[in-house]
Amino acid sequence: MAVCVQAVLLALPGQGKVWFARIFWRGVGRILGLRLRLLGQYARHRPTLFIANHCSWLDIVALGGAVPGCFIAKAEIAKWPGIGLIAKLGRSIFVSRSRDTVAREQKVLERRLEQGDNIILFPEGTTSDGNRVLPFAAAFLTLAFGPARPWVQPVTIVYDELDGQQIRRADRPEIAWYGGMDLAPHLKRLLRRRALRATILFGEPLPPGSYPNRKALAAALEQIISQNAAALRQGRALPSGGVVQT
């Protein structure tokens, strides 16, 4: 049913397709037993680049339900059975980043921003083990200096409760999906769990021109998100105002 509704909304003007995608991801989260604790608020500026750390395919579900934005996905995902269809209905932008296509793909991304779409970026370029944030690649932040002049907001996501208990370091491979892990066994193990909580911290939105170049911006965002992720993992004090969604 949800697939049919979103397929219709994609053909219509307006923001219906954006908001329904969030409803869809929240529904998937409920099926997986995923709760969200949101600290702060996502930027209301359009367009905005949401820059987040990345440790699992679950990040898509969590962030998709928390913010109105499009994900950038690898081109081959479009061909995956089931998942490819879900990604397309979620208005993902597929890129290969090969030398032959990079210029064309960059224009597609810039056009989406100019049309008012927000984009969710994972500048680590891959998933971590959940115990650290990997170095940010400055190339991913080229869009921040394009003609659309988007705002940029750091977003930190950490999974901090599993079956009602605080997650320990040894528990993180249950959630993180990295290296050569197969998706099906990882999903099967996760579905055996009763409940999982992700805390998402929205940092201060940065207006266009806050940093002189993409390297400086990447370094600043990496530092902000790394520090926030460490604080969340260790249960240290953070800004108040979180809202728990079930």
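The values are calculated or read from the model by the stated rules, or taken from the named source; none is laboratory data. These numbers come from a predicted model, not from an experiment. Quick reminder, even Gly has a Cβ in these numbers, built from the backbone with ideal geometry, and neighbours come from all protein chains shown.
Side notes on the structure shown:
- Set Ile93, Ile119: member being closer than 30 Å to Ala231 by Cβ, touching a strand residue (DSSP E or B) at 6+ places or on another chain (Cβ under 6 Å) and not aromatic (Phe, Trp, Tyr): Ile119
- Set Phe140, Phe136, Phe145: member being aromatic (Phe, Trp, Tyr) and modelled with pLDDT under 90: Phe140
- Test: residue in the stretch 116-126 that is under 21 Å from Pro207 (Cα atoms), of a type outside the set (Val, Ile, Thr) and surrounded by fewer than 20 Cβ atoms within 10 Å (Cβ to Cβ): yes
- In the set (1) of a type in the set (Lys, Arg); (2) over 25 Å from Arg193 (Cα atoms); (3) modelled with pLDDT under 90, Arg44 fails one condition alone, (3).
- When Ser128, Ser96, Ser56 are checked against the criterion of being within 11 Å of the chain's Cα centre (by Cα) and of a type in the set (Ser, Thr, Tyr), a single residue qualifies: Ser56.
- Residue in the stretch 48-58 that is in a helix (DSSP H, G or I) and modelled with pLDDT of 85 or more present: yes
- Those strands (runs of 3 or more DSSP E) lying entirely in the stretch 118-216 with at least 2 residues touching a residue at least 40 places away in the same chain (Cβ under 8 Å) and not β-branched (Val, Ile, Thr): 151-162, 196-202
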